[in-house]
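The values are calculated or read from the model by the stated rules, or taken from the named source; none is laboratory data. Small disclaimer: the values here were computed from a predicted structure and weren't measured. So basically every Cβ, Gly included, is an ideal-geometry build from the backbone, and we count neighbours across all protein chains shown.
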């Protein structure tokens with residue numbers, strides 16, 4: 001068994017069982033070594049590096065070498081005797097790690113330590129700005145002389161490591177790529193594409209939930225995207241979300257508003273019910289949503305792509321609404337990008353269309369959600385069951401029983417969303433550099449095809465488009481049905497000219 005130090009020593013010493021795996025794990029070995037694997041770091045130190053066998057010794061080591069693990073710290077401060085921490089900060093009142101530990105204790109628990117406060121000394125930051133996403137406007141905490149630059153509040157504070165991929169996401173300029181597309185294809189093509197992309201994003205968002213066949217729902221969502229994207233004063237307020245939810249769901253939904261009942265994601269596998277994810281208790285959902293709003297406020301001014309990922313995935317894990325949470329979470333992606341000026345009106349990035357563009361990308365979306373849901377369900381595998389049916393305050397009948405809402409709250413409050421930022425950044429990059437380019441290329445080809453066809457046969461655009469689609473769908477030939485619908489095409493010479501004109505345009509163009 002490894003000779004753990006740092007967070008893992010603290011977890012064993014105080015019986016902590018965090019949901020989320022440690023990004024960095026440290027142990028004592030024969031020599032110094034570092035192994036990096038799939039975003040995780042395994043450190044080995046020589047015996048001389050062993051910390052003092054105490055809360056102070058190992059927490060100092062953890063904060064210094066392993067970073068800030070908010071979920072673990074929240075659990076630690078609930079389990080470790082408060083007197084141990086008070087003794088440490090009394091012995092080292094100006095020590096930066098003691099001060100940070102005291103600050104984190106009061107931040108995460110809301111309980112004030114028996115400590116008079118730090119009288120003098122330089123301020124230290126709660127998070128290393130070179131390593132983590134931080135608040136754009138830090139607030140000094142004079143009691144600990146700690147600069148609170150956490151990207152959220154006690155109610156909800158995500159962690160995002162500034163990995164190479166995250167730093168690339170911070171530098172990615174969506175507007176520049178849109179400008180390049182406009183320069184290549186023309187403003188009119190891009191503007192026409194923007195209207196279609198709103199519909200495409202709506203349809204694909206429903207496809208993620210296997211509901212794309214509901215045409216009215218697709219149109220409602222597209223209309224809501226165009227009407228509300230980037231325009232609500234406070235998009236994460238309960239009233240704004242309820243208004244948007246009502247517009248997306250339409251007048252015949254059975255439930256509206258913030259939920260007052262359990263939510264889980266699951267399926268029936270044969271005769272066995274499988275639960276993939278359980279959302280926070282309904283009494284905690286409003287507080288978590290308020291914390292998400294705090295996060296949106298504290299990170300305003302940070303990279304739009306990072307914020308879009310944090311707020312969208314944070315929302316979907318909280319699952320605060322009675323219905324429509326998935327669609328609302330994907331709405332938030334474009335809402336943040338427009339609100340932050342990364343994507344100008346009238347453009348809607350069809351990120352859902354990119355997600356559903358292939359089996360691999362669709363599975364990638366599920367996998368990034370599972371980075372949090374899988375360890376959560378593994379940790380609480382024995383805490384849920386289906387029992388007698390009950391009636392919730394909002395009229396929902398349910399039979400899911402979950403005994404660990406309170407214990408899981410620190411995981412829901414302090415999720416690591418690093419991989420989620422990396423994932424969304426890649427999806428946006430593919431959307432702009434491949435999917436939207438392909439769409440613009442098709443629209444340009446369609447415009448040219450209309451011009452060429454009108455040199456062969458005259459008619460309104462709707463008829464010409466019908467002819468173009470039919471010939472393409474029929475393998476480059478004029479079908480008998482099309483010739484019957486448009487008698488001029490019954491002439492073999494005319495039909496051949498038409499086909500030749502279209503081949504010249506669409507050879508090599510995407511279907």
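Any residue in segment 471-478 that is outside the structural domain of residue 316 (by TED's automatic domain parsing), assigned to a helix (DSSP H, G or I) and surrounded by 13 or more Cβ atoms within 10 Å (Cβ to Cβ)? Steps first, please.
Our first condition is that a residue be outside the structural domain of residue 316 (by TED's automatic domain parsing); within segment 471-478, this holds for 471-478.
Next, only the ones that are assigned to a helix (DSSP H, G or I) stay: 471-473.
After this cut, where a residue has to be surrounded by 13 or more Cβ atoms within 10 Å (Cβ to Cβ) as well, the list is 471-472.
Scanning segment 471-478 turns up at least one residue that is outside the structural domain of residue 316 (by TED's automatic domain parsing), assigned to a helix (DSSP H, G or I) and surrounded by 13 or more Cβ atoms within 10 Å (Cβ to Cβ).
Which residue is nearest to the chain's Cα centre (by Cα), if the candidates are limited to segment 393-423 and must be surrounded by 14 or more Cβ atoms within 10 Å (Cβ to Cβ) and part of a loop (DSSP other than H, G, I, E, B)? Don't jump to the end; show me each part of the working.
Residues of segment 393-423 that are surrounded by 14 or more Cβ atoms within 10 Å (Cβ to Cβ), as a first pass: 394, 396, 398, 400, 402, 404-405, 407-423.
Restricting the remaining residues to those that are part of a loop (DSSP other than H, G, I, E, B) gives 394, 396, 404, 414-415, 417.
Values: 394: 28, 396: 28, 404: 24, 414: 14, 415: 11, 417: 8 Å.
Ranking the candidates gives 417 first.
If you take the residues of segment 284-319 that are surrounded by fewer than 23 Cβ atoms within 10 Å (Cβ to Cβ) and without any contact (Cβ under 8 Å) to a residue 40 or more places away in the chain, which of them is nearest to residue 414 (Cα to Cα)?
Across segment 284-319, the extreme among qualifying residues is 285.
Which one of these does residue 367 not meet: (1) in contact (Cβ under 8 Å) with a residue 40 or more places away in the chain; (2) in a helix (DSSP H, G or I); (3) within 29 Å of residue 131 (Cβ to Cβ)?
(1)
Name the single residue that is nearest to residue 18 (Cα to Cα) among those in segment 339-369 being at pLDDT 90 or above and out of contact with any helix residue (DSSP H, G or I) (no Cβ under 9 Å at 6 or more places or on another chain).
Filtering first and then ranking leaves 366.
Select, from 125, 94, the only residue that is under 22 Å from residue 57 (Cα atoms), in contact with a strand residue (DSSP E or B) (Cβ under 9 Å, 6 or more places away or on another chain) and surrounded by fewer than 19 Cβ atoms within 10 Å (Cβ to Cβ).
Criteria check complete, one pass: 125.
For residue 277, state whether it is more than 19 Å from the chain's Cα centre (by Cα), surrounded by fewer than 20 Cβ atoms within 10 Å (Cβ to Cβ) and not in a helix (DSSP H, G or I).
The answer is no for residue 277.
If the requirement is being in a loop (DSSP other than H, G, I, E, B) and either in contact with a strand residue (DSSP E or B) (Cβ under 9 Å, 6 or more places away or on another chain) or under 28 Å from residue 189 (Cβ atoms) (or both), which of these qualifies: 464, 468, 457?
The unique qualifying residue is 457.
Of the numbered conditions (1) over 23 Å from residue 249 (Cα atoms); (2) assigned to a helix (DSSP H, G or I); (3) at pLDDT below 95, residue 329 fails exactly one; give the number of that condition.
Evaluating residue 329 over (1) over 23 Å from residue 249 (Cα atoms); (2) assigned to a helix (DSSP H, G or I); (3) at pLDDT below 95 leaves (1) as the failure.
Only helices (runs of 4 or more DSSP H) wholly contained in segment 118-232 count here; list those with 2 or more residues that are at pLDDT below 80.
Those helices (runs of 4 or more DSSP H) span 187-208, 215-228.
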